[in-house]
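Note sheet for the following structure.
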Amino acid sequence: MNRYPHPRSPLAPRAFLAALVSSVIFTSGCANLATTASSVAPMGSSATLTGSIHGGNQPVAFATVTLYFAGQNGPGSGDPGANPASNVGKGAPIVAATTTSADDGSGSFSFTKNSVNDQPSSGNTYSCPTLTDPLVYVVARGGNTLNTHNSAINNSAAVFIAPYGSCSQLTAANFVNMSEVTTVATMTALQQYFNPVTGSIGADGIGAAKTALGNSFITVRNLVNFASGKALISVTLPGSTFNGNDGVASVTVTATPETAKINHLANVLAACVNNASASATACTTLFNNATPPSPTTTSRPYLTPAFTTATDVLQALYYILTNPTNGSTTNLNNIYGLSAAAGAPFQPTLTAAPTDWTVAISYSSNSTCGTSSGSFIGQPYDLNIDLTGNLWISNSQTGGNLSGINPNGTPFVCTYLSGSSRGGTIDSLGNIWYASNSGNSISRYTVYAKTILTYPLTVSPLAIAADGGGNIFFTTSLGSLYEIAGAASATTASAPVQISTLLGTNPIRIMPDSTGAIWASSGGAFISRVSSTSNTSAPNYLNGFTTTQFTTPAASYGISITPLTNYVFTSSTTANNLTYLNGSGTSYSINSAWPTTSGQAGVNGPAAIALDGAASIWAVNHTNNGSFGSVSAVANNATSLSPDGVPAGGFQKSSNYLSSNRSMVIDQSGNIWVAGDGTSSNYVTEIVGAAVPIYQPFAIGLSNGRFQTIP
């Protein structure tokens, strides 16, 4: 029985969405992506965008510099009328203005905004479209990269990219230093929106997808300093409030990217860029070893024909980031070796080849907040993403808080909700829910109104989830599942109704599917499906629901559901495997290609799992590999996407980024957020742009027909 409303009748009120978008996500604003003054120019006012280009330490003269508007017809889209329709949504990039970098020792360039909107492109003058207000980015191609003042030299392999921001917000103070580091930072954050065939960046131009692309633009500035073109070591993000204090006035978060990896990739590009032509040995080595990904694991599975060998450094970089193992250890080592051991332009750099080229940012905080004076980030146990891309952290530390950071890591909410937590969720109206296992309660935090509704319980809650119909479900360590019907819109707390007692001793993860059923892990060798029924004679009937158990190879921990077909993934921390069950109703069995073998994709004590928009399964590994932690990724055909092996497998990060991983969530921009619950854990980690974007949160996706789909 499908218990949800018609998919075209989303429950989330427009007032809430408008308030959250305007007040939270753009607190810092796309206008501030490039170095900029605090004022914002009206769309119809004049403004000059400026920048410079450096390849390694050399200025780049005579490059063709093009200002583009991001496409608005899907991932990687450009102008759909400017290219044949054989590749759906492909389109040529949308040109806003064009100029040439100067031979002035800085590779400088500029663009001027026309004060009149909706005018055609004219030289280096651009005009903002009135209706769409597109995001704006700049690409520089070719030019003399040797600083020899000779316009006849043109290295076609040299390509640089940088984001500016929303057209309406661009000001005369915008500046960006385009370097290989700026290029690596930009492509890392925007890889899911880049089309390597056309060179265009784009997303669906409305709603969640445009917001997600804007969030990716914002993320770039936590990787690179736009004024210097150098990688950031770290950046301190002070609390930013909306609708009042929200408890973060004295909170700071420190964003720390993998600087050495960013620099190493930049040096790899520079080895090719700092040559007279694309035929240089460093270029051919880069192109031959940057192995394209399978289109089926990208945000553009429709691509026909498949990806071809790279011909410039930007295309090669896209391949490196979307296929971060480069197809083999040999290829990865060949790319690693392109960065000079001594004298490379960007420092510090890696001292040994990595397992992969994924790039992470750690967001840590030593601040306390909330009425309990608990930590802003303290042993985070569960993570959730709201409709505009904000991360909500349920902390398990004694005196734990519900905390929120926006997509660039800025803290904006800290509130104490009755104690430490092992679960959180977001309902179909956008309310945030916090399950306090120490306080025997669950609480609903209404963001835009800043109100709290608390449900006192006689049991200790574990996992909590929301369906698409406004209902809330939670589990207990006694193996029970409870429902609070209509809780998303309730004005007073009502008593939860027990609907199952058969979930096992540790139902630590639950998730709804598109039929209205709730799936739960158990801590034993089974998972459960609890669905509503009017048949009081149904097996395991309790208060309008029936429970069916399905055997798994080992003790189940994480759980995730595919859209429509409702195939189910589960993880086992004790057996080092991922299991895939398929079927329907009360009949499910293990897919013959699964479970994964121990160590496949580096699976090593997998805890929470999540699907991305290509239906690849991601798992956080709770077992550390010495001083490193890891995450694993497997395509839905059981092919490893991360390196195989234990303990040497998975996408590895130092313990400053991944340690005793417990929880994860993938956001609308393709970022993977990971939390560990160690006793000293005071950070969450973002693996930037590595997954295919997926619609969030689950409950709103269930209410509007976008459950587990690309935004």
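No value in this document is a laboratory result; all are computed from the given coordinates. Only a predicted model underlies this, so the values are computations on that prediction, with no experimental measurement involved. Cβ placement follows ideal geometry from the backbone for every residue including glycine, while neighbour counts extend to all protein chains displayed.
Farthest towards the positive end of the charge dipole of region 33-232, among the residues Gly202, Ala212, Ser156, is the Cα of Ala212, using unit charges on the Cβ of Lys, Arg, Asp and Glu. The helix-based estimate of mean residue ellipticity at 222 nm for the chain, built from -39,500 (n - 2.57) per DSSP H run of four or more residues and divided by its residue count, is -3500 deg cm²/dmol to the nearest 500. Taking the Cα of Ala340, stepping 7 Å toward and past its beta carbon, and measuring to each backbone N in region 248-285: which are under 18 Å? From region 248-285, the list is 263-277, 280-285. Fully extending the segment from Thr565 to Ala306, taken as 0.36 nm per residue of separation minus the present Cα-Cα distance, adds 90.5 nm. With R₀ fixed at 35 Å, the C-beta to C-beta distance from Ala635 to Ala353 puts the FRET efficiency at about 0.90.
Using R0 = 56 Å, the C-beta based FRET efficiency linking Asn540 and Thr491 works out to 0.95. Listed peptides 177-189, 601-613 appear in the order 177-189, 601-613 once ranked by packing, highest mean of other Cβ atoms within 10 Å at the front. Each Lys and Arg contributes +1 and each Asp and Glu -1, all at the Cβ; summed about the Cα centre of the chain, the dipole is approximately 460 debye. With N the number of residues in the chain, Rg(Cα) / (2.2 N^0.38 Å) evaluates to 0.93. Averaging 1/r over every pair of different alpha carbons in region 33-232 and inverting the result gives a Kirkwood radius of 16.7 Å. Computed from Cα positions, the angle between helix 180-190 and the longest principal axis of the chain comes to roughly 30 degrees. Take the Cα of Asn245, step 7 Å toward its Cβ, do the same at Ser373, and the gap between the two points is 1.5 nm.
Relative to its residue count, region 359-413 spans a Cα convex hull of 81 Å³ per residue.
Compactness of region 428-566 was expressed as the Cα radius of gyration divided by 2.2 N^0.38 Å, which yields 1.02. Simple point charges give the picture: +1 on the Cβ of Lys and Arg, -1 on the Cβ of Asp and Glu, and for region 33-232 a dipole about the Cα centre of about 200 debye. If R0 is taken as 25 Å, the Cβ-Cβ distance between Asn150 and Asp104 corresponds to a FRET efficiency of 0.95. Think of the chain as a dipole: +1 on every Lys or Arg Cβ, -1 on every Asp or Glu Cβ, centred on the Cα centre; then among Ala520, Thr546, Asn117, Thr546 lies furthest on the positive end. Toward the positive end of the charge dipole of the chain, with +1 on the Cβ of Lys and Arg and -1 on the Cβ of Asp and Glu, the farthest Cα among Tyr336, Gly247, Val139 is that of Gly247.
As a rough guide to protection, the peptides 434-445, 56-67, 329-340 ranked by mean Cβ packing within 10 Å, highest first, stand as 434-445, 56-67, 329-340. Comparing region 579-667 with the 2.2 N^0.38 Å rule of thumb, its C-alpha radius of gyration ratio is 1.10 (two decimals).
Give the aspartates and glutamates reachable from Lys210 as a straight Cα distance under 19 Å; neighbours fewer than 8 places away on the same chain don't count. Counting by Cα, and skipping residues close in sequence, Lys210 has these aspartates and glutamates nearby: Asp79, Asp133, Asp386, Asp612, Asp667. Here Lys653 is the anchor, and the lysines within straight C-alpha reach of less than 26 Å, apart from those fewer than 8 places off in the same chain, are Lys230, Lys261.
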